[in-house]
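What follows is a set of notes on a single structure, which appears directly below.
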Amino acid sequence: YGRGRIDRYREVCRNWPRSAVKADFVEPVRSEVPVLMLSGDADPVTPPALAASAVKSMSNGKQIIVPHAGHAIDLPCVNGLMARFIAAGTVNGLDTSCVAASPKPAFITEDMLAVTKPKGEEQIWEGAIDVGGQHLRLVLHVFKNADGKISAYLVSPDQSSSEIPVDIIQFADSKLHFEITLVGARYDGKMTEDGTVRGTFIQGPLNVSLDLKLKK
């Protein structure tokens, strides 16, 4: 970024209200209030050691370290933990066993995403999934080849323009099934009377509804 970011901070700081900091400002927070601390084991911004130090002075505090996670932890397991903690109002008895099964993020290079586009009649099916407050579009490109076989690739335009190859796809008896080995994903859906394919998209611990509609 060059000096741009630093200069902007300095400009803000020049006009920021300031006063003497009290001596206890740097003292550990001591509290009996229930506190749940979530740490990604690979977080370079707020590493687990910081929460481990802070939780020592919180008698009803608990730290959970999520494997294979960075600064932002957005997994169904963790979201469920937070919801149960808030509902119970205590860390006592909180079941954290799902954390150990947190998946490693997929390591993908551009070469791995290289797709030889199929030839033949193309259908484009569009849908979206809701993940951690985000609405992510998914677009499935399906090709029917001259020999009757079908092939496909998937695009998530809100994340990338990359075309992710579909390894297995079956569309028969009004049922759609596809699998993507590269990202550990699969989908099973059934076509309804209005032509919409309604089903479930699964990727690691993620299990969400996905309705696909044919683009006209």
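No lab work stands behind these numbers, since they all come straight from the coordinates. Every value quoted in this text rests on a predicted model; they were computed, and no experiment measured them. Please note: Cβ atoms are built from the backbone with ideal geometry, for glycine as well, and neighbour counts cover all protein chains shown.
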Trypsin sites (Lys or Arg not before Pro) restricted to DSSP loop in the stretch 126-196 with at most 11 other C-beta within 10 Å: LYS149
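Estimate the FRET efficiency between ILE124 and TYR9 by the formula 1/(1 + (r/R0)^6), using the beta-carbon distance for r and 45 Å for R0, to the nearest 0.05.
0.50
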Convex hull of the stretch 111-214 built on C-alpha atoms - directionally averaged projected area, nm²: 6.7 nm²
Estimated [θ] at 222 nm from DSSP helical runs (n ≥ 4, -39500 (n - 2.57)) normalised by residues in the chain, nearest 500: -4500 deg cm²/dmol
Sorted by Cβ density within 10 Å, fewest first, the residues THR96, THR192: THR192, THR96
Longest DSSP-loop-exposure-free segment, chymotrypsin sites (Phe, Trp or Tyr not before Pro), the chain, at most 10 other Cβ within 10 Å: 108-216
Nitroxide proxy distance, nm - points 7 Å out along Cα→Cβ at ARG186 and ALA172: 1.7 nm
Cα gyration tensor shape of the chain, rounded if a/c is under 1.5, else prolate or oblate by comparing a/b with b/c: prolate
At least 15 Å along the helix axis (C-alpha) and Kyte average at least 0.5, DSSP helices within the chain: 76-88
Candidates SER39, SER19, SER59: whichever shows maximal mean-square fluctuation once the chain is modelled as a Gaussian network with Cα springs under 10 Å: SER19
Selected from VAL99, VAL33, VAL197 as most flexible by GNM, with the chain as the system and alpha-carbon contacts under 10 Å: VAL33
Cross-link pairs beyond the 21 Å C-alpha cut-off, checked among LYS104/LYS175; LYS22/LYS62; LYS149/LYS190; LYS62/LYS104; LYS104/LYS190: LYS104/LYS175; LYS22/LYS62; LYS62/LYS104; LYS104/LYS190
Value in Å of the Kirkwood radius, where the stretch 4-101 supplies the Cα pairs that are averaged: 15.9 Å
